[in-house]
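Structure first, then comments.
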Amino acid sequence: MNVRRVLAILLVPLLVSLGTPPAVAATAVAFGSVVPVPVTTTATPGVSYGITASTAVYTDPAAAGIGDRLAALLRRSTGYPIPVAPAPGTGGISLLLSGAPATVGPEGYQLDVTGTSIVIRANQPAGLSNGVQTLHQLLPVAADSATVQPGPWPVPGGHIVDYPRYGYRGAMLDVARHFFPVAAVERYIDQLALYKINYLHLHLSDDQGWRIAIGSWPNLATYGGSTAVGGGPGGYYTQADYQQIVAYAAARFVTVVPEIDMPGHTNAALASYPALNCDGVAPPLYTGTDVGFSSLCTSKELTYTFIDQVFGELAALTPGPYLHIGGDEAASTQPADYAAFVNRVQQIVAAHGKTVVGWHDIVNATPLPSTVAQYWGTTTRDSAVATAAQRGTRLIMSPASRTYIDMKYNSRTTLGQNWAGYIDVKTAYDWDPGAYLRGVAASSVLGVEAPLWTETIVTGADIDYMAFPRLPAVAELGWSPQATHDWTAFKQRLGAQGPRWHVMGVNYYHSTQISWPGGS
Ligand code: NGO
């Protein structure tokens, strides 16, 4: 590490904290500092590409939006014009849908940085987008500044071939316990995309709030969405808001998975419509944090009309393949009623052309062959889940003791809960999703997801604090080959992200397990 880089790393936090125009580290980052670690990385020592006032972005026409976003990022911090033009072009940065190895598949890419050009090649736009996220992490940290910086703008030379281990790399945000406005969700989507997470699961309903407007059942949002944990005004997304989130995510190759939790976790719905209750009496709105006390009335036909209409509207607003039906902690529903209910709901979702995802409790019903179960247990043994997997049910791995980023980091951190234990970043990283559950074959695992429940999470800064640095750890499990798994190497690369988060204004937890450049 040269003296200039050391000085820059030491001075960045100081200069940024002083406020006035932060001259942040415009030095080359190490080629090997990308998270998730790419499949193969070959640095070219001594070579770098310098972004200058004459750099242009050349894109395949089908990837113009990706080029536009890259150029916008570069313009903001460099102040250069960075025009975007159709490929081919000479020099500059090219985004090409040709010439990538077939082995990188639909989401992978090849990146070449030489002294005269940067070329990203992919088979599909999603791959180009992932390549651009890697390039983003190879830009000097100053590129993430919201104001123009002096530069220079070196990108380290080398060659990367990269593609994901899993097709499903998810993060969940619980907007029911506390509501988060569209802008906060969009900010999270940008953070997910930077770490190549490609699914955003939105937990849209729970006992404390219903957060999506449903035209045929308007009280769900206007009344059921009117509060939150601890009281307060709550809130909900109009259908236009939801479509905005879906479109913003799609432009970043993130697919939204909406969840309407049922038959439990339904107090907000039951409070909104007396007729949904078996006794016809609506309970009051609920602002506590107990679970397991509410249930839709599984014996009423109206319940299934309701579900059909809600999922019908949601399916029409959701281009992605999945609808999440919850299904967790239905402690107030008799087991036989629960199984019959889940089986019927699966048919309703299928009739709307979507694939069911449910918390793994749904294996107590009869999963359809296409149904996906999301494992959220705290142990590495679950015989019912293993049996379902052996019968063909695919799994998303969200073990609570590893991926629940609503857990506290340790006994000294105050935000979050601890029922599944403390989860510092090593615990979040150091497990193998493909070999975690006894009796579950690696081939049953569709991917991983980090859920962020929000009983104690209120602000965007709270989201940052819980997600960073653990979200990138789970992202790496979802993307990088198991053969690259190495805590010592990972914590170096993760630490190198700290200065970037600082410049981005991400309120990350300075885990003592990581040596943060420039100190914590
Ligand atoms: C559980 C519960 C949620 C809580 C969360 C808190 C599942 C699937 N159901 O996870 O309602 O919010 O824990 O950690």
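The values are calculated or read from the model by the stated rules, or taken from the named source; none is laboratory data. Note that this is a predicted model, so its numbers are computed, not measured. Note: ideal-geometry Cβ built from the backbone for every residue, glycine included; neighbour counts use all protein chains shown. The area values use the complete protein model at the heavy-atom level, side chains included, leaving out ligands, DNA and RNA. Shrake-Rupley method; radii C 1.70, N 1.55, O 1.52, S 1.80 Å.
Scanning the stretch 291-308 for residues being open to solvent by 10 Å² or more (accessible area, probe 1.4 Å) and in a helix (DSSP H, G or I) gives a total of 5.
So that you can scan it fast, the table gives a plain yes or no per residue for (1) under 23 Å from the mean Cα position of the chain (by Cα); (2) surrounded by 21 or more Cβ atoms within 10 Å (Cβ to Cβ):
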position: Asn343; (1), (2): no, no
position: Ala351; (1), (2): no, no
position: His360; (1), (2): yes, yes
position: Asn364; (1), (2): no, no
position: Pro369; (1), (2): no, no
position: Ala373; (1), (2): yes, yes
position: Val385; (1), (2): no, yes
position: Ala389; (1), (2): no, yes
position: Leu395; (1), (2): yes, yes
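Within the stretch 410-435, the set of residues being open to solvent by less than 30 Å² (accessible area, probe 1.4 Å) and not aliphatic (A, V, I, L, M) comprises Asn410, Thr413, Gly416, Gly421, Asp424, Tyr429, Trp431, Pro433, Gly434. For the stretch 249-271, a residue qualifies if it is within 30 Å of Val132 (Cβ to Cβ) and either in contact with a Phe, Trp or Tyr (Cβ under 8 Å, 6 or more places away or on another chain) or crowded, with 18+ Cβ neighbours inside 10 Å (or both), and the qualifying residues are Ala249, Arg252, Phe253, Val254, Thr255, Val256, Val257, Pro258, Glu259.
For first residues located in the stretch 255-267 and outside the structural domain of Ile362 (by TED's automatic domain parsing) and part of a strand (DSSP E or B), partners that are open to solvent by less than 10 Å² (accessible area, probe 1.4 Å) and away from the ligand (no atom under 14 Å from the Cβ) and lie 6+ apart or on another chain with Cβ distances below 6 Å do not occur.
Checking each residue in the stretch 234-247 for being open to solvent by 50 Å² or more (accessible area, probe 1.4 Å) and touching a residue at least 40 places away in the same chain (Cβ under 8 Å) picks out Tyr236, Gln239, Gln243, Gln244.
Restricting the first member to the stretch 285-314 and to residues that are within 16 Å of the ligand (Cβ to nearest atom) and of a type in the set (Val, Ile, Thr), and the second to residues that are open to solvent by 20 Å² or more (accessible area, probe 1.4 Å) and in a helix (DSSP H, G or I), no beta-carbon pair is closer than 8 Å while six or more apart or on different chains.
Leu95 falls short on exactly one of the conditions (1) in a loop (DSSP other than H, G, I, E, B); (2) at pLDDT 85 or above; (3) crowded, with 20+ Cβ neighbours inside 10 Å, and that condition is (1).
Among the residues of the stretch 442-460, those that are open to solvent by 50 Å² or more (accessible area, probe 1.4 Å) and hydrophobic (A, V, I, L, M, F, W, C) comprise Ala442, Val458. The helices (runs of 4 or more DSSP H) located wholly in the stretch 373-453 that include 1 or more residues which are within 16 Å of the ligand (Cβ to nearest atom) and more than 18 Å from Asp328 (Cα to Cα) occupy 400-403, 425-429.
Within the stretch 170-182, residues that are closer than 16 Å to Tyr375 by Cα and in a strand (DSSP E or B) have Cβ atoms under 7 Å from residues that are open to solvent by 10 Å² or more (accessible area, probe 1.4 Å) and not β-branched (Val, Ile, Thr) in these pairs: Gly170/Tyr199, counting only partners at least 6 apart in sequence or on another chain. Return yes or no: is Gly326 small (Gly, Ala, Ser), in contact (Cβ under 8 Å) with a residue 40 or more places away in the chain and on the phi > 0 side of the Ramachandran plot? Yes; evaluated as a whole, the condition is true for this residue.
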